[in-house]
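Written out below as structure tokens is the structure these notes cover.
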Amino acid sequence: MPLSVVVLSGKQVSSAVTLPRGAARGFAVACASNGTAAAIFIEFALTSGTAPFQRLQRSDGTGAYVVHSGTGDAVGLVTSPPSPWLRLAVSSGPSSPMSYTILETAL
């Protein structure tokens, strides 16, 4: 079941969403073309989708995991989510709402 996630105009984070099958499966984030260059990050909460949220880091320890950086038409993959509660964050607030789709994978 796909989840639709929106980052509202002028905001830098989406509302929290819950993965339907919990943290047992990986997921993909589809970034549609939106005409505004931005870096897309994933932030996880450890309890019930409420703050604090922590930004997902690269497994090699070199900084934040970037789902995509650019104007869109890309898919990023998270193979091992640390929790089922997440939100998306962008590097700069969009001038109009930006929509993303989260799809659980078979991994």
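Only one of the numbered conditions (1) modelled with pLDDT of 95 or more; (2) within 12 Å of the chain's Cα centre (by Cα) is not met by GLN57, and that is (2). Among the strands (runs of 3 or more DSSP E) confined to the range 38-104, the ones with at least 3 residues that are under 22 Å from GLY22 (Cα atoms) and in contact with an Asp or Glu (Cβ under 7 Å, 6 or more places away or on another chain) are located at 53-55, 85-90.
For beta carbons closer than 6 Å, sequence separation of 6+ or different chains, a first residue in the range 82-100 that is over 19 Å from THR47 (Cβ atoms) and a second that is in a loop (DSSP other than H, G, I, E, B) and not hydroxyl-bearing (Ser, Thr, Tyr), the qualifying pairs are VAL90/GLN12; GLY93/GLY10; GLY93/LYS11; GLY93/GLN12; PRO97/LEU8; MET98/ASN34.
Can you pull out every residue in the range 14-37 that is touching a Pro at 6+ places or on another chain (Cβ under 7 Å), crowded, with 18+ Cβ neighbours inside 10 Å and not in a loop (DSSP other than H, G, I, E, B)? Selection gives PHE27 alone.
The values are calculated or read from the model by the stated rules, or taken from the named source; none is laboratory data. Because the structure is a prediction, the values reported are computed rather than measured. Here Cβ is always computed from backbone atoms with ideal geometry, including for glycine, and neighbour counts include all displayed protein chains.
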